[in-house]
1. Among bridges DSSP assigns within the stretch 14-259, what percent are antiparallel (round to 5)?
2. Under unit Cβ charges (Lys, Arg +1; Asp, Glu -1), what dipole magnitude, rounded to 20 debye, does the chain have relative to its Cα centre?
3. Tell me, Kirkwood radius of the stretch 119-237 from alpha-carbon pair distances, in Å?
4. Taking only Cα atoms and a 10 Å spring cutoff, compute GNM fluctuations for the chain and point out the largest among 124, 146, 132.
5. Can you give me the relative contact order of the chain as a percent, contacts being Cα pairs under 8 Å and 6 or more apart?
6. Under 16 Å from a point 7 Å along the Cα-to-Cβ line of residue 262: which residues of the stretch 219-240 have their amide N that close?
7. On full extension of the chain, what length is gained from residue 51 through residue 115, given 0.36 nm per residue of separation minus the C-alpha to C-alpha distance?
8. State the Cα centre-to-centre distance between the stretch 245-265 and the stretch 61-82 in whole Å.
Amino acid sequence: MSLCGEGDLAREPLACDFNHVQGPFDIIGDVHGCADELEMLLCRLGYQSTSPRIWSPHAYHHPEGRKAVFVGDLVDRGPRVLDSLGIVHNMCVLGSGMCVSGNHDAKLLRKLQGRNVKIGHGLAMTLSEIEALPGESRQSITEHIAGFLTELPSHLVLDQGRLVVAHAGLKEEFHGRESPQILAFALYGDTTGEVDKDGLPIRRDWAAEYRGQSKVVYGHTPVHAPVWVNGTVDIDTGCVFGGMLTALRYPELEFVSVPAAKVYCEPPRPFLPQKM
Ligand SMILES: [Mn+2]
């Protein structure tokens, strides 16, 4: 909120408020450093490579003005994290892309801000890519990454509220609002605070209870194929785990996927159909 005019309280748009942006969109699932598959998917969707010379040499735009909307978790686990960040950052700057924060992006940001975070295998791979940068550019690239990650919103409300994109999904009462609780839901899902026998967080099935009018497109939990549930769909088809990188074309509501070139990381729990 900011004061404006003669005491009128002018409402500043929230970071998530993109009601006026109509698309069409290509919403893209968790990239996790799989830039090879991201570039292949963008090409299949009709995006063309451009040379923005902003921060990294990679960017794409669509000749018909479509926008790629990323569900977050750009980083960790995969082989080309910095290229993935560069592509998405540059597309956001050029206006051909938008992105929400994922839990891995938020954790990398905390690490870059000097906070004490637990470094698992996935984050270690991101940090080793940063360490491998030549000394003279490492600091400025790291600052660019931190600045980009700081600006990622918790979720996006698009197309007059008809479309909501959040990393782990979002229940209707949280759409278009901001709070620490709403951010936690958008990043981690509807966690109960308990863990299962494998030590993984137990999540409530918010999508099963969803009755909203807006379509909610999200990622975070790898599934072997996207399935609509009450107007919500998880498009994280586990590319980094050897699955696919999937886009949902909107408003067409068509899925476009490219297969992962390989298993880059073993999944924490199986998500592909079990072979009999
Ligand atoms: Mn995630």
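The values are calculated or read from the model by the stated rules, or taken from the named source; none is laboratory data. What you are looking at is a predicted structure, and each value in this text was computed from that prediction instead of being measured. Neighbour counts run over all protein chains shown; Cβ positions are idealised from the backbone, glycine included. Surface areas here come from the heavy atoms of the whole protein model, side chains and all, with no ligands, DNA or RNA. Shrake-Rupley method; radii C 1.70, N 1.55, O 1.52, S 1.80 Å.
1. Numbers: 21 of 37 bridges.
Once the DSSP bridges in the stretch 14-259 are tallied, antiparallel ones form about 55 percent.
2. Here the chain has a charge dipole of around 400 debye.
3. Numbers: mean 1/r = 0.0612 Å⁻¹.
Answer for the stretch 119-237: a Kirkwood hydrodynamic radius of 16.3 Å.
4. Comparing 124, 146, 132 in the GNM, the peak value goes to 132.
5. 21
6. Output list for this probe position: 239-240.
7. Contour length minus Cα-Cα distance gives 19.6 nm.
8. Here the answer is 12 Å between Cα centres.
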